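Okay, so here's the structure we're looking at.
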Amino acid sequence: MAAPSFDKRIHRVGRDVLFCGLGTLVSGLALAEFDFFERIYNFTREHDAYQLDEIICVFMILPVFTVLLAYQRILDLNEEVRARQSAERANLELARTDPLTGLPNRRQLDDVLQRFADAKGADTTSLAVMHVDLDRFKQVNDTLGHQAGDHILRHIATLLTRMVDPADLVARISGDEFVVLHSQGQRRDQIEALALRVIDSLKKPIQYGGHACYVGASVGIAIADCPISSGSPDPQRLITDADIAVYRAKECGGGRCEIYTPDLRVAFEARKALSDEILAGIDRQEFFPYYQMQFDAETHEVVGLEALARWQHPKRGILMPDTFLDTAAFLNAVLDIDRIVLARVVEDIAQWRYHGLDVGTVSVNVSAQRLKEPEFLETLKNLDVPRGTLSFELSEAIYFDTCEEEVREMVRHIRALGFGIEIDDFGTGHASIVSVTELRPNRLKVDRSLIAPLIDSAGQRDLIKVIVDMGRSLGIGVTAEGIETMEHAAIARDLGCDVLQGFAFAVPLPKDEVAARLTNIRVQNIA
Ligand code: C2E
Ligand code: MG
Ligand code: MG
């Protein structure tokens, strides 16, 4: 039979104690009653079956029995209370421990920091916080599953615990974030050296089920520099400072360590404000395209346009991509901007066509994030534009050589749907000849950093010639970007680039000005 629940047992003990109390009270009252014995005498005479001594005995034993019973119940109750207290303690301990790694969790870390804060006049100059944030944990989790992720987290917990001083506290504060709290007053260079050792160890692969998982880590450090009695720093604030430092380390590409300074907080807050504005701007659809015309290298006729994102900021006016793209990429929001820009491009193409303007091929920049979205393919399938009028520029920053199969697959689908593929910023990044032959783009856009030195550098001219020859042999066109003078235009043409784009011909313009320029050109041609 199942044991009654704790509450029921408490209830019973209470009931028993109540009954015992009542019993004692009744017997006490009865005994205290003045004519008690006379009544008993009368009672026994009326009920011959009872003996007086038996009745007295019952009344004497009753209080003793009730006291014993109450005592037993009180002992039971005590035991129950103790059991409950120890269960509560165990629960509390569990609530302060990360069940996966056995490390203290955020709550325990907060308690420890609070104890430092509460200690009157405590010298917190000895405190330092090291925030370790894994760089590619999500990818491992997503590709190899949660068991692999769990294995990695346990491995890192063990590694960190082994690497730090035994007096340090290592806590796992969330998914892939760990904090090491030093309270031993190590010097700044010692803490930094430890952080670099941690980063180095985590650069090595972690084996799981025959896979080598490269997670990598960024580290942010915050070191207290004045005693708490002087008003700052608040030990809790060290956590947010270290968080800001790790954010900075990630912003700079990860796999590195940053030490908190007040300047970082100022930059962080500005970044945070910009992030909020970008997200609001996406909501309000404040992003839209400017267009830069592209010209045939021989005839200088307009053969196409490149759509370039602009942000109609409510206070700061029209902003260029360098003011928002990095932050948007960090927020994983470039795909939203790409989505809005593409929708506007499609509308603009429809309007130009409606007015009988031939703008050639419009190329739209597309981010790696957007390429990985299955919804992107659906959007493309439903696009209402004639095939051949739209082409997508993939930045070389997409790492074509190492990119996931899903990106290659997407490129194949885009081509199969009849849209063009162009490799942007060619020559600056990671597209090898192998990836070019595999992806088979329609066009390579040679980055302006390769075009600028054309006038003075024979070596640079040779390089462009090689790119053009490779393109020709594969049936791929070559656009020269960043043509700033007509001299550049002539050299690029002579080297075999078939399309030219740059300020020498046209700067990026709003759609109405593009229409006006194209209409003008048409009128001049007719005349
Ligand atoms: P990009 O795709 O290589 O675009 C060419 C950039 O070079 C444009 O800068 C353009 O204004 C600039 N440019 C063109 N000709 C010249 C020239 O002769 N001299 C100089 N100095 N610059 C020239 P913009 O508009 O600031 O765009 C910068 C980058 O932002 C683009 O480089 C592209 O990578 C990215 N971007 C722009 N729009 C989008 C977008 O809608 N989505 C995504 N994902 N990225 C975009
Ligand atoms: Mg581009
Ligand atoms: Mg480019």
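Of all the numbered requirements in (1) within 35 Å of the chain's Cα centre (by Cα); (2) more than 16 Å from ligand 2 (Cβ to nearest atom), Gly427 misses one, and that requirement is (2). Cys497 satisfies every condition listed in (1) more than 16 Å from ligand 2 (Cβ to nearest atom); (2) part of a loop (DSSP other than H, G, I, E, B); (3) touching a residue at least 60 places away in the same chain (Cβ under 8 Å) except (1). Considering region 336-345, the residues that are in contact with a helix residue (DSSP H, G or I) (Cβ under 7 Å, 6 or more places away or on another chain) and within 15 Å of ligand 2 (Cβ to nearest atom) include one that is most open to solvent (accessible area, probe 1.4 Å), namely Asp338.
In this structure, Val13 does not qualify as open to solvent by 90 Å² or more (accessible area, probe 1.4 Å) and either part of a helix (DSSP H, G or I) or modelled with pLDDT of 75 or more (or both). Of everything listed in (1) open to solvent by 50 Å² or more (accessible area, probe 1.4 Å); (2) of a type in the set (Lys, Arg); (3) outside the structural domain of Gly388 (by TED's automatic domain parsing), the single unmet condition for Lys315 is (3).
Any chance you could count how many residues in region 301-335 are assigned to a strand (DSSP E or B) and either small (Gly, Ala, Ser) or away from ligand 2 (no atom under 15 Å from the Cβ) (or both)? Write out each step before concluding.
The first filter runs over region 301-335 and keeps only residues assigned to a strand (DSSP E or B), leaving 302-313, 317-319.
Pick out the ones that are also either small (Gly, Ala, Ser) or away from ligand 2 (no atom under 15 Å from the Cβ) (or both) and you get 302-304, 307, 309, 311-313, 317-319.
Selection size over region 301-335: 11.
Residues that are within 14 Å of ligand 3 (Cβ to nearest atom) and open to solvent by less than 60 Å² (accessible area, probe 1.4 Å) within region 443-466 comprise Arg443, Leu444, Lys445, Val446, Asp447, Leu450, Ile451, listed in sequence order. Hey, any hits in region 107-116 for a residue that's among the polar types (S, T, N, Q) and buried (at least 18 other Cβ atoms within 10 Å of the Cβ)? Checked against the condition, which is being among the polar types (S, T, N, Q) and buried (at least 18 other Cβ atoms within 10 Å of the Cβ), region 107-116 yields at least one hit. Of the residues making up region 278-300, those that are open to solvent by 10 Å² or more (accessible area, probe 1.4 Å) and either in contact with a helix residue (DSSP H, G or I) (Cβ under 6 Å, 6 or more places away or on another chain) or away from ligand 2 (no atom under 16 Å from the Cβ) (or both) are Leu279, Ala280, Ile282, Asp283, Arg284, Gln285, Glu286, Phe288, Asp296, Glu298, Thr299, His300. Per this entry, Leu325 is counted among residues that are buried (at least 16 other Cβ atoms within 10 Å of the Cβ) and within 16 Å of ligand 1 (Cβ to nearest atom). The C-beta contact set for region 293-313 (first residue more than 18 Å from His488 (Cβ to Cβ) and modelled with pLDDT of 95 or more, second residue aromatic (Phe, Trp, Tyr) and not in a strand (DSSP E or B), distance under 7 angstrom, 6+ apart or interchain) comprises Trp311/Phe324.
Counting only residues that are open to solvent by less than 70 Å² (accessible area, probe 1.4 Å) and either in contact with a strand residue (DSSP E or B) (Cβ under 8 Å, 6 or more places away or on another chain) or within 16 Å of ligand 3 (Cβ to nearest atom) (or both), region 244-277 holds 15 of them. When region 358-376 is filtered for residues that are more than 16 Å from ligand 3 (Cβ to nearest atom) and either among the charged types (D, E, K, R) or surrounded by 15 or more Cβ atoms within 10 Å (Cβ to Cβ) (or both), the ones remaining, listed by number, are Asp358, Val359, Gly360, Gln369, Arg370, Leu371, Lys372, Glu373, Glu375, Phe376.
Of Leu474, Leu518, Leu509, all but one fail to be aliphatic (A, V, I, L, M) and either within 16 Å of ligand 3 (Cβ to nearest atom) or over 29 Å from Tyr354 (Cβ atoms) (or both); the exception is Leu474.
Residues that are in contact (Cβ under 8 Å) with a residue 40 or more places away in the chain and part of a helix (DSSP H, G or I) within region 455-479 comprise just one, Ile467.
The values are calculated or read from the model by the stated rules, or taken from the named source; none is laboratory data. Only a predicted model underlies this, so the values are computations on that prediction, with no experimental measurement involved. With ideal geometry, Cβ positions are generated from the backbone for all residues, glycine too; neighbour counts draw on all protein chains shown. Quick note on the areas: whole protein, heavy atoms, side chains included, nothing else; ligands and nucleic acids left out. Shrake-Rupley method; radii C 1.70, N 1.55, O 1.52, S 1.80 Å.
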